[in-house]
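What follows draws every value from the coordinates through simple rules; no lab data is involved. Keep in mind that what you see is a predicted model, and the values were worked out from it rather than measured. Here the Cβ is made from the backbone with ideal geometry for all residues, glycine too, and neighbour counts use every protein chain on show.
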Amino acid sequence: MELRHLRIFCAVAEHGSFTAAAEKIHNVQSNVTMRIKELEAELNQQLFIRQKNGVVLTSAGQIFLGYAQRILQLTDESRNALLDNASPRGLLRLGSMETTAAIRLPKILARYHEQYPQVQLSLMTGTTTELIKAVESHRLDGAFVGGFHQTSSLYQEEVFHEELVLVSGNEFDSLSALTNEISRQTVLVFRTGCFYRSTLEHWFYQAGIIPGQIMELGTLDGIMSCVAAGMGITLLPRSVVESHGARHSVQCHELPQEFSNVKTVFIRNKDALVTPALTAMIDLAHHQIAMDCGAQKAASENILTTGLGRIDATESGASVH
């Protein structure tokens, strides 16, 4: 069994087709087919079920996939461990919730790419549950997820703090008015496994609220646009709402602190090598959030100072322009 067999096998499993896998790894289909047959002969197991529109893994193939991915991951880690540790390089596979990817990561990724051009970045968005599974199975080097989780396989550290708000159309000017109508509202959410969705469901349960229809949407823009159009309500970070183009068409309603204050956590597998590329990403994330907090504090102090100046000027009888 050779590493090329494992790489071809993983490519076919990922793309569900010999043809698509061959294109991905820049090989000919006949060679891909031959290598898979050689691997199946060596293992004495059928790894794929051939269908007209592609292939699917057999139960044996599903078991073998986890081991193949781990072997390839260890191979990459051993290669990276022998490289110059002073210079981040190689592939860095990150995961993120869509809201974090939309608001928090663009500055970080742009700065990272500028400082470490030898690192090949890839970013996968998904729900917190999906991202945790991807990190645990070594398909991602690290991910930004919602909250801390009780799992011994992961190293977890807080990187961002978010304030969650209930978001509605402009027809509701208070949380109490909205709460009385939630049973007749459509709740717009990401698919099951989303941390914000589970937080909203927990609030519903604690408040004794039975929502109306639940509608799953696949994108942040889709959810915000539907809320702005008066189609329903959702739960999102305030930073996401305030930066969105539809912010003037929605209302943000504060929730109790136990539901509104949440942490965005960076996770990685404890068994995986912490590469220079990964260390640099974590350091840059902490640095960027510190800069953002400093900018917000300076802006708040400037507003306060300006306001006090206006008060002093008014009290002294000076004209204020």
### Task
Take each of the peptides 169-175, 17-23, average the number of other beta-carbon atoms within 10 Å over its residues, and list them starting from the highest.
17-23, 169-175
### Square roots of five times the Cα gyration tensor eigenvalues for the chain, Å
46, 27, 16
### Query
Efficiency by 1/(1 + (r/R0)^6): what FRET value for R70 and Q257, r their Cβ-Cβ distance, R0 = 56 Å, to the nearest 0.05?
0.85
### Query
Going toward the positive end of the dipole of the chain, with +1 on Lys and Arg Cβ and -1 on Asp and Glu Cβ, which of V167, H113, H202 do you reach last?
H113
### Query
Within the P(r) computed for the range 62-149, what percentage of the Cα pairs occupies the region above 21 Å?
39
### Ellipsoid equivalent to the range 1-82 - semi-axes via the Cα gyration tensor, in Å
21, 15, 11
### Query
Given that compact globular proteins tend to follow 2.2 N^0.38 Å, what is the ratio of the alpha-carbon Rg of the range 162-262 to that value?
0.95
### Query
Relative to the first principal axis of the alpha-carbon coordinates of the chain, what is the inclination of helix 105-115, with its axis defined by its Cα atoms, in degrees from 0 to 90 and to the nearest 10?
60
### Query
So between M215 and F148, what do we pick up on full extension, going 0.36 nm a residue minus the alpha carbon distance?
21.5 nm
### Task
Quote the FRET efficiency, to the nearest 0.05, computed for E114 versus E2 with a Förster distance R0 of 30 Å and r equal to the Cβ-Cβ distance.
0.20
## Note on the structure
For the chain, the longest principal axis of the Cα atoms and the Cα long axis of helix 276-315 enclose an angle in degrees, to the nearest 10, of 10
### Task
Could you tell me what percent of the DSSP beta bridges with both partners in the chain are antiparallel, to the nearest 5?
65
### Message
At 0.36 nm per residue, and after removing the present C-alpha to C-alpha distance, how many nm does the segment from Q206 to K133 gain when stretched out fully?
### Response
23.5 nm
### Query
From largest to smallest, what semi-axes in whole angstrom does the range 119-193 give when each is the square root of 5 times an eigenvalue of its alpha carbon gyration tensor?
34, 13, 13
#### Entry: Potential extension, Q45-R247 segment - 0.36 nm per residue separation minus Cα distance
67.1 nm
### Message
Could you sort the peptides 219-229, 62-72 by per-residue average Cβ neighbour count (10 Å cutoff), highest mean leading?
### Response
219-229, 62-72
## Note on the structure
Rounded to the nearest 10, the angle in degrees between the Cα long axis of helix 3-15 and the longest principal axis of the Cα atoms of the chain comes to 50
### Query
Ordered by packing density, taken as the mean number of other Cβ atoms within 10 Å over each peptide's residues, highest first, how do 246-254, 40-48 rank?
246-254, 40-48
### Message
Can you tell me which lysines have their Cα less than 30 Å from the Cα of K107? Leave out same-chain residues fewer than eight positions away.
### Response
K24, K133, K263, K270, K297
### Task
Run the dipole for the range 1-82 about the Cα centre, Lys and Arg Cβ at +1, Asp and Glu Cβ at -1, nothing else charged, and hand back the magnitude in debye, nearest 20.
160
